[in-house]
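This report refers to the structure that appears directly beneath it.
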Amino acid sequence: MAGNADTDGDGVCDGPEAPANGVCIAGPDAFPLDAAGAQDTDGDGMPDRLLGASTSVPPLVEDLDDDDDTWSDVNETLCGSNPILDTSMPADTDGDGLCDALDDYLDLPFTLNYPTQFVDLFANQTMEPFLPNVTGDR
Ligand SMILES: [Ca+2]
Ligand SMILES: [Ca+2]
Ligand SMILES: [Ca+2]
Ligand SMILES: [Ca+2]
């Protein structure tokens, strides 16, 4: 460790401080012995980003959900939330897993009630409009 602030030479320091000679940026490097990975936001052993070939055994696998909030990085980027902050999640009003920004259909549950079960029909008379009461869709 002493004398080499960046063991795997990926430019991210092993520890949280960058040395004055500027060989690396402040870490810590979550994978100090593997240049392919540096950051692991959710600490699950899978790097946020995989740069080049992993030298670990077994090799590192890129984390597709860096903050482990169940929203994939790709989705979070498209939906405008922060992919490395687990408190930042896309708005999904109807909870179908497609964020509001990408969701063309707001399929919220609703209830539909008719005011009566019976309609009286009379010859030569316009029938009363038989309209349901719809609640909960907005
Ligand atoms: Ca490093
Ligand atoms: Ca991870
Ligand atoms: Ca996520
Ligand atoms: Ca949705």
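Read-outs throughout are calculated quantities, based only on the coordinates presented, and are distinct from any laboratory measurement. For clarity, every value in this text was computed on a predicted model and none was experimentally measured. Every residue, glycine among them, receives a Cβ derived from its backbone with ideal geometry; neighbour counts consider all protein chains shown.
Annotations
- Projecting the Cα positions of 5, 135, 108 onto the charge dipole of the chain (unit charges on Cβ atoms of Lys, Arg, Asp and Glu, taken about the Cα centre) puts 135 furthest along the positive direction.
- The fraction of all Cα pairs in segment 60-138 landing in successive 10 Å bins from 0 to the largest distance is 16, 28, 18, 13, 12, 9, 4, 1, given as whole percents.
- Most mobile of 60, 50, 112 in a GNM of the chain (Cα contacts under 10 Å): 112
- FRET efficiency, 1/(1 + (r/R0)^6) with R0 41 Å, evaluated for residue 20 and residue 135 via beta carbons: 0.05
- Pairs of Cα atoms nearer than 8 Å and 6+ residues apart set the relative contact order; for the chain it is 11 percent.
- Working note: Cα atoms of segment 1-63, range along each principal axis, descending, whole Å: 32, 21, 17.
- Segment 1-63 - charge dipole about Cα centre, Lys and Arg +1 at Cβ, Asp and Glu -1, debye rounded to 20: 200
- Modelled this way, with points 7 Å down the Cα-to-C-beta line, the labels at residue 78 and residue 57 are 3.9 nm from one another.
- Listed peptides 78-91, 113-126 appear in the order 78-91, 113-126 once ranked by packing, highest mean of other Cβ atoms within 10 Å at the front.
- The chain - convex hull of the alpha-carbon atoms, volume per residue in Å³: 162
- Applying 0.36 nm per residue to the separation of residue 121 and residue 107 and subtracting their alpha-carbon distance, the gain on full extension is 1.6 nm.
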